[in-house]
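Derivation of every value follows stated rules applied to the coordinates shown; laboratory data play no part. If you're wondering where the values come from, they're calculated on a predicted model, not measured in any experiment. Neighbour counts are summed over all protein chains in view; Cβ atoms, including those assigned to glycine, are modelled from backbone coordinates with ideal geometry.
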Amino acid sequence: MSTPTPSLAPYTPAQTLELLSRSGAKRGKSRPDKTFFAAMSAGCFVALGGGASLMIATIPWFNQNAPGLVKMFFGLTFPMALVMIIFTNGELFTGSTMITGIAFLQRRLSVWYMLRHWFICFWGNFVGCVFTMAIFMGSDGGAFDNDPYRSQVISFVTAKQVTPQWHQIFIRAIGANWLVCLAIYMGCQGREILSRVALMYIPVFFFVMIGFDHVVANMFFIPMGIWLGTPGVTIGLYIWKGIIPALLGNTVGGFVFCACYFYYQFIWGEEPIAIDGVYYQEQARMEEGNLGPSMLHPARSGSDGQLSGNTAKVDVKQVV
């Protein structure tokens, strides 16, 4: 029997939400230690993306002759962090508010597991960001020790942390995670790498260009500013204006603006959704080993008991 050619057609919006829901149910119940280290890895990538963006934004010629291009290059560099996180199965707190949120709304994940996942991801991201900042960029002889890079960080952090009011950061944080979760959602619609990368890039580029606040990105930028002695920026100010409003705003942006909206729009009141011929209950049973493929679709199984056609098991953690 010839092997069927996999379809390259993108997933529909409803199928994409189903994929995210399955991934959220699986991620929410993962071992806490694995979740923490995956979140720490994601934090490292965010810090590396933030550091690279600041370096590019400091190029003297562009600052003097084409300052408008500086922000564009910043916006083109930072999305690479999300691409690395997605393709290494990292855990990002902001993305979890949508992914586990959809699983919770579909009653595939309890509120305890959802909140536990958010908590572990938040602190894993924080450790990863601070570790990368302190060891690779903030240590003696680090990338931002001398001007003009040091001045760029101080100026950026002042604009991010000192100038805006609490409510402004909260509102900007809603927009940030609305776009980040939209990037994850759009990226999951593609079936091959290039289209997924392109789709993820667009919303993150918008969020960076507009200047929204992302709580995980701030876990690198603000501690870096504190490390370099930015005037007026203290740990207390960072907690009050850097963590709390951005955390709350990102949660609203991810859970309300994305998870709740998408659930209402594409899943609520609709028939169960199959992914490549496999429904959620079948997928769960296959992963638990309680039901073999030949029992799921006897008519579609080959002589070796494996599913043929588009009924193969979907590895949701690799898709999302």
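Computed values, structure above
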quantity: Net charge contributed by nearby residues that have their C-beta within less than 13 Å of Y263 (K/R +1, D/E -1); calculated: 0
quantity: Compactness relative to 2.2 N^0.38 Å, alpha carbon Rg of the stretch 1-119; calculated: 1.39
quantity: Gain upon complete extension [F87, Q265; 0.36 nm per residue less C-alpha separation]; calculated: 61.3 nm
quantity: Average projected area [Cα convex hull, the stretch 111-220], square nanometres; calculated: 9.1 nm²
quantity: FRET efficiency, R31 to N65 (Cβ-Cβ, R0 35 Å, nearest 0.05); calculated: 0.10
quantity: Rounded to whole Å, sorted largest first: equivalent-ellipsoid semi-axes of the stretch 13-267, Cα gyration tensor; calculated: 30, 19, 17
quantity: Inter-probe distance in nm under a simple model that places probes 7 Å from Cα toward Cβ, at L115 and V162; calculated: 3.8 nm
quantity: Calculated FRET value between F73 and D147, using beta carbons and R₀ = 22 Å, to 0.05; calculated: 0.65
quantity: Near-label residues of the stretch 114-137 by backbone N, under 17 Å of a point 7 Å along Cα→Cβ of I239; calculated: 123, 126-127
